[in-house]
Each structure stands twice: as structure tokens, then as C-alpha cells.
1. Is it true that A885 is crowded, with 17+ Cβ neighbours inside 10 Å, over 26 Å from L816 (Cα atoms) and not β-branched (V, I, T)?
2. Pick from region 69-118 the residues that are more than 20 Å from A369 (Cα to Cα) and either part of a strand (DSSP E or B) or among the β-branched types (V, I, T) (or both): which of them is most open to solvent (accessible area, probe 1.4 Å)?
3. Is region 508-526 home to any residue that is under 35 Å from the mean Cα position of the chain (by Cα) and modelled with pLDDT of 85 or more?
4. For Y758, are the conditions met, namely being aromatic (F, W, Y) and under 27 Å from P1094 (Cβ atoms)?
5. If I ask for residues that are at pLDDT 90 or above and charged (D, E, K, R), which ones from region 527-539 would you list?
6. Find the residue count for region 179-237, including only residues that are over 17 Å from K248 (Cβ atoms), among the hydroxyl-bearing types (S, T, Y), open to solvent by less than 20 Å² (accessible area, probe 1.4 Å) and out of contact with any helix residue (DSSP H, G or I) (no Cβ under 7 Å at 6 or more places or on another chain).
7. Can we say I233 is touching an Asp or Glu at 6+ places or on another chain (Cβ under 8 Å) and not charged (D, E, K, R)?
Amino acid sequence: MSHFECRPGTGRGGLPRFLVGCDDDESPGSEDGGMRSDSEPRDGEEEEEEEEEEDPSSERQVVVGICSMMKKSKSKPMTQILERLCKFEYITVVIFPEEVILSEPVDKWPLCDCLISFHSKGFPLDKAVSYVQLRSPLLINDLNMQYFIQDRREVYRILQEEGIDLPRYAVLNRDPDRPEECNLVECEDHVEVNGEVFHKPFVEKPVCAEDHNVYIYYPTSAGGGSQRLFRKIGSRSSVYSPESSVRKTGSYIYEEFMPTDGTDVKVYTVGPDYAHAEARKSPALDGKVERDSEGKEIRYPVMLTAMEKLVARKVCLAFKQTVCGFDLLRANGHSFVCDVNGFSFVKNSMKYYDDCAKVLGNMVMRELAPQLHIPWSIPMEAEDIPIVPTTSGSMMELRCVIAVVRHGDRTPKQKMKMEVRNAMFFDLFEKYGGYKSGKLKLKKPKQLQEVLDIARQLLLELVQHNDCEIEEKKSKLEQLKTVLEMESSVNENQYGHFSGINRKVQLTYLPNGQPKASSEEEDSQREGPSLLLVLKWGGELTPAGRVQAEELGRAFRCMYPGGQGDYAGFPGCGLLRLHSTYRHDLKIYASDEGRVQMTAAAFAKGLLALEGELTPILVQMVKSANMNGLLDSDSDSLTDCQQRVKTRLHEIMQKDRIFSEEDYQKLAPSCSLSLVNSMKIISNPVSTCDKVYTLIQSLTRQIRKRLEDPKSADLQLYHSETLELMLQRWSKLERDFRTKSGRYDISKIPDIYDCIKYDTQHNASLGLEDTLELLRLSRALADIIIPQEYGINREEKLDIAYAYCLPLVKKIQLDLQRTHEDEAVNKLHPLYSRGVMSPGRHVRTRLYFTSESHVHSLLSIFRYGGLLNEEKDEQWKQAMDYLNAVSELNYMTQIVIMLYEDNNKDPSSEERFHVELHFSPGVKGCEEGDNVPMGFGFRPASSENKEKQTDPGSLEDLSQDEPDRAVLIEPISMQKRSPLIRNRKAGSMEVLSESSSSSRASAYRLFPSCSRQSPEMKPSGLGGICSGLFSAAGLGASSSAPNLQELGQTHPKKPLFPRSSHRDELLSMPAVKRFSVSFARHPTNGFEGCSMVPSIYPLETLHNSLSLKQVDEFLTAVCESGGDTNSKTLKSLSALFDSKSQQSLDSYAQEESASTPSHAPRPRPLV
């Protein structure tokens, strides 16, 4: 029998010696404390030992025993640490062989002064405890406490007793002897465990810590199902399952799910005063384990806050485990402990190995040297100073990206209103607390089922008794029944489990009944209270919308500079590297509409290169901002202005005559080019509505004829729609558009355009006649009605915009001001971050996904709020001309704000921070004849900069990172020849050249061709997706890194581009095919008829020479201009940011409680 011994001397290779110990009949230790004397010779080492005998410093040694399973004791981290531990002059390490541990009695085990022993699978913990009782060594990790660590119930109990924050939890013990601890009530979206309610998402953990099958259950509003975590198998650590029911056998801990933005933090202590922390991608996010080129899981060291260091100390002492690992969840501005693993080492960190051996060695010697009379004192060493390099040179550093994005392509929204008086509806209204506010929203499937049951019962009573007491209109009840029954059938298809958030019933209490009848309500009006039932359905994100969002997310990476190492040579690689190294402070917000939330999740999937289902991404990455109007519209908070505007619009559009000059002045006082063009197309509004109505009648006739054809009986349209459902939505529009009085309901025009746009794009294969003409006319009408509903003149536009999005404006202002994080979250630990030369630096990204109303309103604030003077700023004048020519803010419209910092400028200088404003009108229209205007490009360079092309490498200067090697991206060269070769492919993109001879123009240019040059994409440049995000016009100066310092120092003193002197010139420019994100060859195309997904217009720069002070003063003025609305907004913000349920909104509660921010930005020191 032998033991494994590490001697303090060195072998022939100059490394610490690991030696196999004595024979079976030899004692492994001597009489003086179990240590072999240095004077005892070993076979083959006589000469060496004789030399050692002459060494006068051959004092007593401290024996450190390692008692664990061989897999653990021979692991790389253990070997690395023991090698370093052996370098202590007075320490010898003895590794207990596994066969001794398993087979021999404890009195035969090697002797030691200090024992490092820990439990793992197969380890006889009872024997180890007996050994400690027999020999009484110094324990590094207490063995009795390791029994508790194996039971999650005990772990949580100890954490709670120590006052350590942990998620709210309850224990379900399925123990026949203790039935009172096994009370489980499972409902659709929550469970009740022994009286404690846990709403989904919640976590279900087996009580046994060795069982890693942890499940996370998602709410139906996010798609339902569960994520099943397990011990890593290859590249997987979890898998999504559609199963939504909790496990019915075994005992579990149920706990609240903590939103961590997809990141877990693992903490490793070595004593109470040392803690090392690493971040990794949460296994619950998409289940894919990120591994490096050597196959090891990628983790990055992060810095712990002061509170987290205190938590580490408490955990270490509470569990009496010197070497201890535990998991931290950073959520809602706090840190929670969710698991304690016991003995754990960091993998692949040489600095940690050095520190761990030093701490352990000093700890052992401090305790045992005095007892064993060893002359040892704690060495005095200078502490390591964390020095982090900063950027230098003329390049500006990207600090913040803010984007407000409209949702993706959706099914047509539909709505039906009916007044109800039956007692069953009132009972339902009372059951769910409708009388508290007078309004009630029913969205959950169980609630919708109750409404469906009422409709079925009333229809049955009508059939059986023909009872006049049932006042509800039969046709309305049938439509209610049909739509709600459609819920269950749709649930069978791939996307149906999202349908719960796309169908809802709203009930509003009317004390005196419906005030007046309309085409949808009864003609006869009765006294007494009633309920207005509004059924809304449709409007869910389509497969095309999901592809659009995911691809835009992938393209959006190119907003970020840099990209080395594993990401070198790929477009958008800088963002992936930034995020994977945990220097990307990313928050994604979405309104509570299902299509908006799923758009945000799909965008996040593309942005961060995630895999798998959207539900886990939605739950963990997307924060619902559905409070106080941040991204949702509260109709009660709106002024009367919008209603007055709608009334005026209806009056003007009801005149049966050609638009007069007075009408042009009333309807388009700003002389907006898009409005003027649409009015010219319409000419006579009533006559055009007549044509539209006739075309709708023709369309419904064609659909009915198709239904009569047996060949079309089972025809399934896009996204599982049937011909019957298609006929229902067009028949409803036909009934509602023309009222009984013969007048047209102008409010239905957006719905008509919505439907025909959808069918033209997705159901064109039906070959229905005159759809393109209906699209042309309804679009012209919608291009007037939709934007003008948000105000006709400047004052109205601002009034309505304030009511919609003041909370969002204030939040954007806070995002820009918040340039320095008080805590060390999202910063790497500088001493441990191998291969990252700028660990202290991070980029802040805030993405806001919302609906059309917020996008229109925010753009109105920038356009009409007084940011810049058009007469004095040529670039802003051109931007306004461009926006006036944009007729539609389509799906995926983006407003992007980018903040840069020039570290060479004085912190108090206005030139220190530089802001850019960009815009894209979103998805391209269905037809190539869109008349979509073109701006002047993405980040256009001034004329003096054109010859000063800079190295387009990383703005972050990550080219110095080791072992990463930067691959310099060649700048996009500027060619003056035209036309270029057509259909040059760059990645998956088609780069189509400028051609002055093109007669089939899909876009017209706002600026003469001499100001634009044709980019030619180099193979090693920003190819593929990258080129699609940005307008080609401004890419000439540089690729990912223009010389922003020169652009940002002053406002342009001369026009960036020659300006047209006459508005008519805008339509006479030669056509240009644009760079755009092309989805036609996307691998997911083809499912559910998704064969053609429209591309998205590239970003155009509205202005690239704004100072942060300038923008901050503008946003402050906007909030003050809101008057009383602003006061209400600030109260709403206070409630929003102080609310416990929304503390995760960047921990802005601290910001809100701070003093009013000054106009001068607080510089963020780069340390």
C-alpha cells in the first residue's frame, strides 16, 4: 500500500516532487507527528538524501492530507494548486489513494496534520468523519456540514438563518409521515405550495443537491412549457420542453424565478477574506454551453460588489467550508444566493491557482507552525495593484446605444364591440374585480374559456326558447363564439401557444348604457347599466416578423466596433466579444403586447447569437415595461387633442369634392412631401372611398367563389389561416367601412390597409384580382390618416406626443446621463481577465420595443420639439426633408441614439461626449413602386474628412488584446465609376450598384448623385449582414470606425451635400438600389408559407454632430414643455422605478432619488 507524497524539494525537472510512499508494512509516518524525517533515505535517492542530511534547516514538516476521490484529487486545478502548495518550505502534501479510502479502515489511512477532504459521488463521508474523530487533524472544510450541503432544504435553512438574501421559496415534502408539508395546488399559471403562491415563471429544484434536474416553468403569456436543466452533456446544459405541469413524484423546492438577463455568477471562496467570481451564460437561456477552442466552458472573471463580498464571507463561515463554491443571481438590483456547492476550485486561472495556494498555505502555517514549533512568520508582500490600460489616440469610444424599435410583421388586428346586459357577464365582471376600476381585461385562456361558455349558453337558450330577454345580438354572440373557439384550434399549430396573448376581451362598465348607437350596436337604446364588451384578436407576430426581428438583431451587431479572437473576420463580431466578456450592459424592454415581446425576444436571439426557442429568451432577457406608459399607451392619460384631431380629419375626408388649396393647408400645413403626394393620388376622398368599398366587395365575392370550389375546401393560407377566416375579416370590414347612413367610417382605413398589405405580401398565391389597386388606394388614404391622427399641426403633434411618450423620453435622458456605473457590475476583474486588455470598459445598450404610436410620437418630439434650427443647420434641414418624404413608419422602424466619448478631451468640455441620431422607416413595402425616399447615408463624412480615412479597427482598441489578434477590416473603397457590376454578393447580401439608367425606380433620392458615391464591398470588409444595417451613402469615409473626433468637434459650417433648390427636384433624381438586409435566402424561409420576407431599409443618419449637453438640454426642455403632463409623468416614473416588481429597470431607483441631473454630463473615468 502506498500514498502519494509531495516533498518540498525539487526533482530533476526543477518541479516539486510527487513521490509514491511506503510499503504495506511500513508506517506512512514517523513518531513525531506522522511525518517522514528527511534523514530517512528512499530507494534510489541515497545521494540526494545525504546532501539533505547536511542541510541544517531540516525541521519538522506540516503534512497536508488530501482525502477525496481520485477524479478530484488528480484533477488539473487540484494538481496546479498542490504544486504551488509544495513550494512552501515546511509543507508536505500526501494524497490518500482511492483504494485506501474505499477499502481500508480509517486507522490504516495515512497520518496528516491538516486534512483537505470533501464529498463527491461515491465518497465515503462517514469514514472520513471517523478518521477526523480518530486523528483530530486541522480541517480545511468541515465534514459534518457537508451532510447539510447535500440537502437543498438544509442549505436554504442555513442561508436564511444567516440573513443571506435568497429567492422566495417553499418546500414540498412528499413524506407520508408529514402530510401537512405536501399541500400542492397547481393552476394554469401558478402553483400554491403549502399556502405560498408562486406565479410562473418559477423554479422547481429537487431537494437532493446531487440531482441537477432543475426545471423552470414559463407562463402561458410567454408561450408556456418549461426549461429542463441538467448536468452538462457535451454542449448542452438544458433543453426546452412544451410540458407545463410540475412533477408529481419526489420532494422539491419551489422558488421565485429571478430575472438575471441570462447571466449566472459563480463565486469561489478560499477562506472568509478571499472570493473569486466568474460569470457565464445561464444554462436556462438556450441550453447551449459556450466553449473555447480547447472545449472548456467559457467563463469570465467579474468583480464582486462590497455587499457580495460580505455574502461570500457569510457563506464561507456559515457552512464552515474554507474552499467553497456558490451561485449568485444578480437581479432587480440585488444579489441572491441560489445554491451552495461546497468544495469547488476555479478552472483554468493561473492567478487563482497562485492565490489559492498562497491563502491555504498561509492559513495552515498560521494555525500549525506554533504548535509544531516551526520557525515561520507570515510574509509581508505588497498587494497587487489593479492597473487597467485606457484608450488613446483620436478615436472616440462607443459608450451607449439606445434604440426604439417597432414590432415586426403581424397578422391583421381585428376588433368587435357589443353591448351586453346579461347577468352572467356582470357576474364575470365582478368575479375578476372589474368594479374596482370600471374596466376589466381578460387575457388568460381560463378567463377566455369562461366568456366562451357564456356565449355558448346564451346561443343555446336563443335556439331553444327564442327568448327575447337575451338582449345580446345573435350575430355578435356567434362571432364571439367563433373567435374564441378559433383559440383552441390555433393552439395546435407551431405558434399557437403564443395566441393567449393575442386574444383578449375587454369589459367596460357603462352606468347608463351605451351613449349612442353605431353601425355595430343595437339601434334601440335601453336604460340601466350595461357592459361594453370589446373582443380583440389577431395582431400576433408572424413567422416573417420573427425572421425580420432575428435578422435585424444579427445585423444590429455592426453598430458595435471591434472583434478579435474567435470573432475576427465576422461582421458584428465586436458586439459578441463585448457581450461574451461581460462588458456589455444590455437591457431589453418591451410593452406587454405579445407581438412586441416576441419581436424583442427574436431580436435578442439574433443580436446575441442564441439558439433554440424564444420562450426562455423572452422570460430571461426581455423586461416587461407595461407600467405608467413607458412603452404602453394608456388611453386615459391622453389629452382631448387626439379626439379633436380625429374629428377634423373625418370632416375633411368626408367632403365629396377634389381637395382644394384650403384642404391642403388644413391637412398638410407642414407641406410634407408624402402627405402632398397622397392627397394628389386621392384627389376626391369620398370618390376614392367609393372605389375602395367597391374593391372590397369584389374581393369578398372572389373569396366566396373560392369557398364554393371543392378544390379550395382545405386550402390553408399563410400562418394557418383558412379561407373562411379570411372571408370573415374582409366581410367585417365591408360591413363596418360604410355606415347605414352611407357615410364612410374613416377610422377603418388603417384596418383596410393593414389587411390588404398582409394579403398582398403573404397570400398573393391566391391570385385575387385588383388587390394591387386596393393596396395603392388604401395606402394613399392610410398615409394621410395614420400620421395625421398623431397631430396635424406642430402644436397638436407635440401635445399628442407628450401624452404618449414623455416617460420614454425621460428614460432615454437617464440612459444618456448614466455614463458611470457606481458598482462594479458589468466590469471584468482586471487581474484575472486574460486576453482582455480593457476589462474596466463597458458599453451600455438599452433597447425599447413598442408599437406604432410610441414610434410616431418619439419621432414627432425630435422633429418638432426644437432640437435644432433647420434654417441654421444644413444637415438637420436635409434630415427634415428626408423625414417629410417618408410616408409610413412600417414594421421594425428604428430610432437609434449613439453616445461616444473622446477620452482626450477635458471631462468638462462639451466636446467630450458626442451624440448621433439615426433612423430607419423599417420594412420595405410590398411593391417596388413604393416611392420610398433616400436620405444621405449612415454617418456621412464631411468633405474635409473624406481624404482622412482612418484605420477602421476597433473603437475600443481591442487590437492589443492577447491572445486575441485583431484582423484589420479593410475600408470600403470609394469608386467613381458608375454603374458598377450588378449583383455582387457580399455574404448573404446583394450589393446592387448605382445605375442612372434604371427606369423601374423603387426609391427616389433626396440629394443629387454628385454627393453620393458608389460603395464597392471588399471581401474582407463589413460584408453580409453588416452592410445591410446601414445606408450605403455614408459608408465611404470608413467602415465600422469613422473619425468621429473630427466629425464631432463642431457643427458643419457648410452643407454636407448640395441642397435641391426646388422640391420637385426630389422626384427627378436617378434611382439607386440600396443596401438592405435581405431575407429571401434565410434558412428558416419556407415554413408556414414564409417564402418572401421583405427586407428592411437601412439606417439613415439624421445628425452626427450633436453634443451630449445639447441633447440633454433638449430632452429637459421637452419634459418641462409637457406642463401638467410632465408632473404626472415624473410621478409615474417614480412609481415605475421604485416599484419592487420593476427594480430590475437598471436600478434606476437610486438615480431617481438623486438630485436633478445637471446639464453637464458626469464623465466616466476609465480606470
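1. Yes.
2. This residue is T79.
3. yes
4. yes
5. Scanning region 527-539 gives no hits.
6. Count: 1.
7. no
Conditions (1) crowded, with 18+ Cβ neighbours inside 10 Å; (2) in a helix (DSSP H, G or I), marked per residue:
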{"site": "T688", "(1), (2)": "yes, yes"}
{"site": "T694", "(1), (2)": "no, yes"}
{"site": "S698", "(1), (2)": "no, yes"}
{"site": "L707", "(1), (2)": "no, yes"}
{"site": "K711", "(1), (2)": "no, yes"}
{"site": "D736", "(1), (2)": "yes, yes"}
{"site": "S741", "(1), (2)": "no, no"}
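The values are calculated or read from the model by the stated rules, or taken from the named source; none is laboratory data. Just so it is clear, the model here is predicted, and its values are computed rather than measured. So basically every Cβ, Gly included, is an ideal-geometry build from the backbone, and we count neighbours across all protein chains shown. To get the accessible areas, we keep the full protein, side chains included, count just its heavy atoms, and leave off ligands, DNA and RNA. Shrake-Rupley method; radii C 1.70, N 1.55, O 1.52, S 1.80 Å.
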